[in-house]
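Visitor: Have a look at this one.
The values are calculated or read from the model by the stated rules, or taken from the named source; none is laboratory data. Please read all numbers here as calculations on a predicted model, not as lab measurements. Cβ placement follows ideal geometry from the backbone for every residue including glycine, while neighbour counts extend to all protein chains displayed. The protein model used for the area step is the full one, side chains on, heavy atoms only, and it has no ligands, DNA or RNA in it. Shrake-Rupley method; radii C 1.70, N 1.55, O 1.52, S 1.80 Å.
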Amino acid sequence: MQESLQNINVQRLRSFSAKDMPVDVLRLDSIHPVVSGNKWFKLQYYLQDAIAQRKNTIATFGGAWSNHIVAAAFAAKASGLQSIGFIRGDQHVARSETLQQAAAYGMKLSFVDRETYRDKASVINAHPDPGIYWIMEGGYGELGSKGAAGILSSADTSSYTHILCAVGTGTMLSGLVRAALPGQNIMGISVLKNNSGIEAAIRSLLGSAQRHQPFSINHDYHFGGYARHPAELIRFMIGLWETEQLPTDIVYTSKLLFAARDLLLKNHFPMRARILLVHSGGLQGNHSLPPGTLPFL
Ligand SMILES: *Cc1c(COP(=O)(O)O)cnc(C)c1O
């Protein structure tokens, strides 16, 4: 299934870099136009595990614009497995391009009301089919964390002193912590408001050997909360496209890039830092915006 995926490259951000402080972006978004880079890495071991357990179907959860849902649909198809997506909301969300794409990859969509959605165990218990392999929302879990560790070997990342990524469930960040070399600082930008439990959630994803590895989470750049995208953020995304030809998404990577630029302006990083920003993909979610909002897509 790898042949449909493109290479991952590293892009120097001229407008962010200083002479003795390069700032690069790891373009996981370039692996596929629809499948979000980090979701692809996170799903790898779940799919292997499902096949090893002789399951024929994966089932998982997500919203109408979920990067995870569409990546899970694609990955299941590529692995010869069936897929079911339990979608938060009623049928009318089925018109989202994300869900149409997931359905085109063969995913069966099942709509659940918000209350039921919150109680994942009730959904799982209502489907006692032994052929189903369940994957948590967003790919959260230890196998997701192990998969995300592969992100740092997708290119030569050994020379960076600071590696930054966006944080939702924290699974990707925990994978970076697993794979980091001694002395590399892993820093997450939380895209959720009031996300104070995230550090503990990340620690619980790390194996006992890594439980005490340092990392940091910055909570200052959520822009009002998950998927909130005030005009200031949209303007920043347009500017970034114009100066660097770097497309970003409204939920994750725009907030990461904004945070990085702001922290650079505030001299947050030590002299001679070498900074890597993980562009985790997610561009398909921008289709939730009115047409013409962004100059790319
Ligand atoms: C899901 C997602 C994230 C967040 O990953 P977590 O492992 O949940 O923290 C970041 N960026 C993109 C594009 C995503 O789709």
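Visitor: Averaging over every viewing direction, what projected area does the convex hull of the Cα atoms of region 42-122 cover, in nm²?
Guide: 5.1
Visitor: Right, another one. Quick check on the chain: helices-only [θ] at 222 nm, where DSSP H runs of length 4 and up contribute -39,500 (n - 2.57) each and the sum goes over total residues. Nearest 500, please.
Guide: Calculated mean residue ellipticity at 222 nm is -9500 deg cm²/dmol.
Visitor: What nm distance separates the two modelled labels at ILE51 and HIS219, each placed 7 Å from Cα along Cα→Cβ?
Guide: Placing both labels 7 Å beyond Cα along the Cβ direction yields 4.1 nm.
Visitor: Given that compact globular proteins tend to follow 2.2 N^0.38 Å, what is the ratio of the alpha-carbon Rg of region 171-297 to that value?
Guide: Relative to the 2.2 N^0.38 Å estimate, region 171-297 comes out at 1.12.
Visitor: Of the heavy-atom accessible surface of the chain (probe 1.4 angstrom), what whole percent is carbon and sulfur?
Guide: Percent of accessible area from carbon and sulfur atoms in the chain: 51.
Visitor: Under a point spin-label approximation (7 Å from Cα along Cα-to-Cβ), what is the HIS212-ARG114 distance to one decimal in nm?
Guide: 4.4
Visitor: To continue, here is another question. Translational diffusion coefficient, Stokes-Einstein: compute it for region 158-229 using the Kirkwood radius over C-alpha pairs as Rh, at 4 °C and 1.567 mPa s, and state it as an integer in µm² s⁻¹.
Guide: 104
Visitor: How are the Cα pair distances of region 229-279 distributed, in percent, across 10 Å bins from 0?
Guide: In order of increasing distance, the bins hold 24, 53, 21, 1 percent.
Visitor: Counting only C-alpha contacts under 8 Å and six or more residues apart, can you give the relative contact order of the chain as a whole percent?
Guide: 22
Visitor: Quick one: putting +1 on the C-beta of Lys and Arg, -1 on the C-beta of Asp and Glu, what dipole do you get for region 34-121 around its Cα centre, in Debye to the nearest 20?
Guide: Details: 11 positive and 6 negative charges, 39 e Å.
Dipole about the Cα centre, nearest 20: 180 debye.
Visitor: Jot down the per residue volume, in cubic angstrom and as a whole number, of the convex hull over the alpha-carbon atoms of region 40-192.
Guide: Each residue corresponds to 117 Å³ of Cα convex hull volume.
Visitor: Hey, another quick one. Pull out the extension gain between GLU142 and ASP90, defined as 0.36 nm times the separation in residues minus the alpha carbon to alpha carbon distance; nm, one decimal.
Guide: 15.7 nm
Visitor: Now for a separate question. So, taking all protein chains as they sit and a 1.4 Å probe, how much accessible area belongs to LYS193, in Å² rounded to tens?
Guide: Surface open to solvent at LYS193 totals about 110 Å².
Visitor: For an R0 of 25 angstrom, estimate the FRET efficiency from the Cβ-Cβ distance between ARG12 and GLU97 and round to the nearest 0.05. Spell out each step's value before the answer.
Guide: Values: r = 32 Å, r/R0 = 1.27.
The formula returns an efficiency of 0.20 here.
Visitor: Based on Cβ point charges of +1 for Lys and Arg and -1 for Asp and Glu, what charge dipole magnitude is obtained for the chain about its Cα centre, in debye rounded to the nearest 20?
Guide: Here the chain has a charge dipole of around 340 debye.
Visitor: State the answer as a single residue: which of SER204, ALA73, ASN56 lies farthest towards the positive end of the charge dipole of the chain, with beta carbon charges of +1 for Lys and Arg and -1 for Asp and Glu, about the Cα centre.
Guide: SER204
Visitor: Working out 0.36 nm times the residue gap between ALA155 and ASP129, then minus their Cα-Cα distance, what length gain in nm do you get to one decimal?
Guide: Details: separation 26, 0.36 × 26 = 9.36 nm, distance 3.99 nm.
Contour length minus the Cα-Cα distance gives 5.4 nm.
Visitor: Region 110-218: D in µm²/s via Stokes-Einstein (Kirkwood Rh, Cα pairs, 20 °C, 1.002 mPa s)?
Guide: The calculation lands on 139 µm²/s.
Visitor: Now a separate question. Would you calculate the separation in nanometres between label points at ALA200 and PHE296, each defined as 7 Å from the Cα along the Cα-to-beta-carbon direction?
Guide: Inter-label distance under the simple model: 3.8 nm.
Visitor: As an exercise, take the mean of 1/r over every pair of distinct alpha carbons in the chain, invert it, and state the Kirkwood radius in angstroms.
Guide: Taking every pair of different Cα atoms in the chain, averaging 1/r and inverting gives 19.5 Å.
Visitor: Oh, and also: To the nearest 20 debye, what is the magnitude of the charge dipole of region 194-297 about its Cα centre, counting +1 on the Cβ of each Lys and Arg and -1 on the Cβ of each Asp and Glu? Walk me through the numbers on the way to the answer.
Guide: Numbers: 9 positive and 7 negative charges, 67 e Å.
For region 194-297, the charge dipole is close to 320 debye.
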